[in-house]
Amino acid sequence: MKTSRNAGARLSARVTVLCVLVSTVSLGNAPLLAPDGKPAISSMAKILLDFSHIPSVSQKATLQGILDERTTTVAEQVLAQALINVEHIASPDDKPRLEALLTDQSAPPAVKTLAAILNNLTHAPTEVDKKNLRRLLQQVGK
C-alpha cells in the first residue's frame, strides 16, 4: 500500500511539472488580449474587484465564457480556470500554474498582476490588490 501511494505521489508530481513546463513554454507568445479584442484581462480584473470567498454564479458564467472563447490565450485560460476554482484561496492544483505565470519573463505585466493576486488571495483581494486592479483597468482601457 505504501508503494502505491509513493507511485501516485510521483505521478502527481510528474503531471504538475509537465503542466508547469507546458504552460511556461506556451505562454511565451500569448498576447495580452485575444485577437478579436475581447478584454479577458479586464473582465477578470472586474470580477476580482467585487470578489469575496468564491465566484458567484454570474462570475463563473463570465469566466466560463472566457474559457470557451477560442481566441482566449493560454495565460488567460490559466487565470480564468484558477479564478473559477477559488474557494477562499487558490486551488493547490492551480498554484503551480499561477507561479509559472509569475516567473515567465515573457508574460505581460497585466497577466502577472492577476496571477499574483490570485496566488496570494485569502477570501478577497486586499486594498492594495484592489488599487492594483483599478490601475490595471485604467491601463487596458476598460
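Restricting the first residue to segment 38-52 and requiring it to be in contact (Cβ under 8 Å) with a residue 60 or more places away in the chain and closer than 10 Å to Val140 by Cβ, which pairs with a second residue that is crowded, with 24+ Cβ neighbours inside 10 Å and of a type outside the set (A, V, I, L, M, F, W, C) meet a Cβ separation below 9 Å and a spacing of at least six or different chains?
The qualifying pairs are Ile41/Glu76.
Sort out which residues of segment 50-59 are part of a helix (DSSP H, G or I) and surrounded by 15 or more Cβ atoms within 10 Å (Cβ to Cβ), and write them in order of number.
Listed by number, the list holds a single entry, Gln59.
Are there any pairs with C-beta distances below 7 angstrom linking a residue in segment 121-133 that is closer than 9 Å to Leu49 by Cα to a residue that is of a type in the set (A, V, I, L, M, F, W, C) and outside any helix (DSSP H, G or I), with the two at least 6 apart or on different chains, and if so which?
Short answer, once both residue conditions are applied: Ala124/Phe51; Pro125/Phe51.
Which of (1) modelled with pLDDT under 95; (2) β-branched (Val, Ile, Thr); (3) in a helix (DSSP H, G or I) is the odd one out, the single condition Val78 does not satisfy?
It is condition (1) that Val78 fails.
Which of the residues that make up segment 94-112 are closer than 18 Å to Gln77 by Cβ and without any contact (Cβ under 8 Å) to a residue 24 or more places away in the chain?
Result: Leu98, Leu102, Lys112.
Just give me the residues in segment 86-98 being part of a helix (DSSP H, G or I) and either β-branched (Val, Ile, Thr) or surrounded by fewer than 18 Cβ atoms within 10 Å (Cβ to Cβ) (or both), in sequence order.
Lys95, Pro96
The values are calculated or read from the model by the stated rules, or taken from the named source; none is laboratory data. Here the structure is a predicted model, which is why all the values come from computation and not from measurement. In this analysis, Cβ positions are derived from the backbone assuming ideal geometry, glycine residues included, and neighbour counts consider all displayed protein chains.
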